[in-house]
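Trainee: A single structure is presented below for examination.
The values are calculated or read from the model by the stated rules, or taken from the named source; none is laboratory data. Keep in mind the model is a prediction, meaning the values are calculated, not measured. As a convention, Cβ positions derive from the backbone with ideal geometry for all residues, glycine included, and neighbour counts pool all protein chains shown.
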Amino acid sequence: MACVLVGHQHQRLSEGLRTALQARFESVFMVADLGSLKEGTGKLQPQLVVIDLGLAAGRLEPLLAELHRLAPTGRCLVLSDYDDPMLDALVLSQGADGVVHKTALGTELSLAVTAVMAGQRFGDAAGAAPT
């Protein structure tokens, strides 16, 4: 079963993400805290984990490493509040498969999911479009 797990604390944005992702995945699971994100990743083995950068609480690299360990074939897409190419580069260097700015979700989420699921990186540091 193709599924995606979304870790985001704000219900309103989470519901928008659910709607957008349901077109691509059989199941979309939502969690609002770090413990549930880790537990869900281990149990569900999602093809994609979408993580709000704020949920990582400044510990993105170890979180991404753990998520990749829990679901070795899964991809990780990080949502960022910041439009900063240097931060995007850092997020990608810490193990994310892609990064999307929340201000561009409407135009870039689908592109990012397509790129990341195809094994490509997505984000400003990797170019404006998938590389």
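Trainee: For region 69-124, which residues satisfy the criterion of being surrounded by 23 or more Cβ atoms within 10 Å (Cβ to Cβ) and outside any helix (DSSP H, G or I)?
Mentor: Matches in region 69-124: R75, C76, L77, V78, L79, A96, D97, G98, V99, V100, F122, G123.
Trainee: Let me ask you something else. Hey, does region 33-46 have a residue that's under 19 Å from F122 (Cβ atoms), surrounded by 14 or more Cβ atoms within 10 Å (Cβ to Cβ) and modelled with pLDDT of 95 or more?
Mentor: Yes; the residues of region 33-46 include at least one that is under 19 Å from F122 (Cβ atoms), surrounded by 14 or more Cβ atoms within 10 Å (Cβ to Cβ) and modelled with pLDDT of 95 or more.
Trainee: Restricting attention to region 16-27, report how many residues are assigned to a helix (DSSP H, G or I) and either surrounded by 13 or more Cβ atoms within 10 Å (Cβ to Cβ) or among the aromatic types (F, W, Y) (or both).
Mentor: Within region 16-27, residues that are assigned to a helix (DSSP H, G or I) and either surrounded by 13 or more Cβ atoms within 10 Å (Cβ to Cβ) or among the aromatic types (F, W, Y) (or both) number 5.
Trainee: For E61, all conditions in the list (1) in contact with a strand residue (DSSP E or B) (Cβ under 8 Å, 6 or more places away or on another chain); (2) without any contact (Cβ under 8 Å) to a residue 40 or more places away in the chain; (3) not in a strand (DSSP E or B) hold save one; what is the number of the exception?
Mentor: Here E61 meets the rest and fails (1).
Trainee: If G42 meets every condition in (1) touching an Asp or Glu at 6+ places or on another chain (Cβ under 9 Å); (2) within 19 Å of D97 (Cβ to Cβ) apart from one, which number is that one?
Mentor: Tallying (1) touching an Asp or Glu at 6+ places or on another chain (Cβ under 9 Å); (2) within 19 Å of D97 (Cβ to Cβ), G42 fails exactly one: (1).
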